[in-house]
Amino acid sequence: MSDLQKYQMLIGGEWVDASDGQTFESMNPYTGENWASFPRGTADDADRAVQAARKAFNSGDWANMTATQRGHLLRKLGDLIAAKAEDLAATEVRDNGKLIAEMGLQLKYVPQWYYYFGGLADKIEGAVTPIDKPDHFHYTRHEPLGVVCAITPWNSPLLLAGWKLAPALAAGNTVILKPSEFTSASSVEFARLFEEAGFPPGVVNVVTGYGHEIGAALTEHPGVDKITFTGGSETGRRVYQTGASQFKRVSLELGGKSPNIVFDDCDMDNAVKGAISGIFAATGQTCIAGSRLLVQESIHDEFVDKLVALAKTAKMGDPMLMDTQVGPVTTVPQYEKILSYLDVAKGEGAEVRLGGGKADAGKYFVQPTVFTGVNNKMRIAQEEVFGPVLSVIPFKDDEEAIEVGNDVIYGLAAGVWTQSMRRAFTMSAKLRAGSVWVNTYRAVSYMAPFGGYKQSGLGRESGQESIKEFMQTKSVWMSYAEDTPNPFIMR
Ligand code: NAD
């Protein structure tokens, strides 16, 4: 196994192995071969990282830096990511199986989070309050929280790290990033850029290892002030409970079962493309997948025919080729989970209109699958599959579309395809989801708040308001009264 690429962790500005020397390996899901090894971080490593982050937060260059200087560093980091975009994209494709066609573009876009929050760093202003006490002056300060633990999933490691790190650092916190054990390579390569950008040691630490080991140790560590987590609902629940036991700040970006709703007055060709991008892009491995396609009864058959005809043309295979459209499933457990849901749907009586099984395009491939005859009570309509599996559900009118659209525990996103302005506004207001796309799907931006309603999460990422998730407000009172009045009475 000497040909494995060997990675280390970044703690306190030093590249280190796990405290006990243990490692784990990462697989290329296109070939099924292990290609890299990483330190299997321990509770001791979690402690080392927290100590380093705490030290950098409390004193030294970072603690004394102005917000403007922090902004400069973030913008420099953005430039370095842009310069390294191609290499980082190639690593992600190898480790994760994401398409080079998508990753090339995504990594050119990731710097925008660092530019945007770098610019915002010195624009977070407190207020002077027209306070109602004579001889008193009152103002507010927005201060960083301290040590932030950022935990990311395997599906978009560097994009999602940016959503967390850019605002956390702009606000003045220090950070420990723990990527998924399935896709750690890009985050560790990204960690090299912090030193080059001029971040002092300990401000950003990147640790690797299993969720139930170093991940749990970080969330349980009393030195962590805030956890920002993206991942599955079950893990999110555990992380939230752990955080609650110490009253830590916790924000959660969790799963989804988003409705993509097609009305009979839509532009049908665009809506077909929107349905495809909602479920087959990124092999359906996105939290915002439009995995429930609600189609108005009057156009149901025609729409499904067109959808299946286009989906059939999807080119599967090597994710490093620019014309590949559907890549492998990233992890073996995920591959097995998707296949088991195909059986669940068939067992519930859903009809396979396309796909429905393994695909022979590389090691871990599943056919783009379309199920019709699904009703919203079925498990295939209620549970997150996180793969290229679409459930088509017919509906009669606007009222039913809203009712069925909202009838899941999740509320991450929704799509609406209509040419009616009335419908567009009404549906946008009535769908209980953190993002609603009308005549588009899967659009995200550093400027646009993103997050979940209901069990899809807590808190928002991106957009101006998200920086406050990494800050706390202090009330400062000053008296210029000559005499301190009766001390037994509240001021
Ligand atoms: P996961 O919950 O299995 O793992 C996420 C991260 O949590 C990993 O880094 C993992 O190591 C860590 N972890 C696992 N157990 C832990 C524990 N006990 N304590 C602390 N950390 C622990 O999720 P996944 O399979 O990597 O990702 C897929 C899920 O992520 C899907 O449900 C998807 O919907 C969700 N997701 C959500 C968003 C969003 O923004 N809402 C974005 C992407 C993915």
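At a 10 Å Cβ-Cβ cut-off, how would you order Val374, Val175, Val332, fewest neighbours first?
With the sparsest Cβ surroundings first, the list reads Val332, Val374, Val175.
Would you tally the net charge around Ala413, using a Cβ to Cβ cut-off of less than 14 Å, leaving Ala413 out, and scoring K and R as +1, D and E as -1? Before the final figure, lay out each step's value.
On the way: positive: Lys257, Arg292, Arg432, Arg442, Lys454, Arg460; negative: Glu253, Glu384, Glu461.
Around Ala413, the surrounding residues sum to +3.
Measure up Lys178/Lys430; Lys306/Lys377; Lys98/Lys273; Lys84/Lys363; Lys76/Lys98; Lys257/Lys474 against 30 Å on the Cα-Cα distance and list the ones that go over.
Those over the limit are Lys178/Lys430; Lys257/Lys474.
How charged is the neighbourhood of Asp3? Take every other residue with its Cβ under 13 Å from the Cβ of Asp3, and add Lys/Arg as +1 and Asp/Glu as -1. Before the final figure, lay out each step's value.
On the way: positive: Lys6; negative: Glu25, Glu33.
Combined, the nearby Lys, Arg, Asp and Glu give -1.
Could you please rank Lys226, Lys108, placing first whichever residue has the fewest other Cβ atoms within 10 Å of its Cβ?
Sorted ascending by nearby Cβ count, the order is Lys108, Lys226.
As a footprinting exposure proxy, order Arg432, Arg422, Arg75 by other Cβ within 10 Å, with the fewest listed first. Before the final figure, lay out each step's value.
Numbers: Arg432 16, Arg422 9, Arg75 19.
By the 10 Å Cβ count, ascending: Arg422, Arg432, Arg75.
Which whole-angstrom value gives the distance between the alpha carbon centres of the range 424-464 and the range 317-340?
Cα centres, the range 424-464 to the range 317-340: 27 Å.
Distance between the C-alpha centers of the range 102-179 and the range 230-291? Whole Å please.
A separation of 23 Å, based on Cα centres.
Nearest 5 is fine: what % of DSSP beta bridges in the chain come out antiparallel, could you say?
Percentage antiparallel, nearest 5: 45.
For every other residue with a beta carbon closer than 12 angstrom to the beta carbon of Ser466, add +1 if it is Lys or Arg and -1 if Asp or Glu, then tell me the sum. Let's see the in-between values first.
Working: positive: Lys164, Arg460, Lys468; negative: Glu253, Glu461, Glu465, Glu469.
That sum, taken over residues with Cβ under 12 Å, equals -1.
Each value in this text was obtained by applying a stated rule to the coordinates, not by laboratory testing. All values derive from a computational prediction rather than experimental measurement. Neighbour counts run over all protein chains shown; Cβ positions are idealised from the backbone, glycine included.
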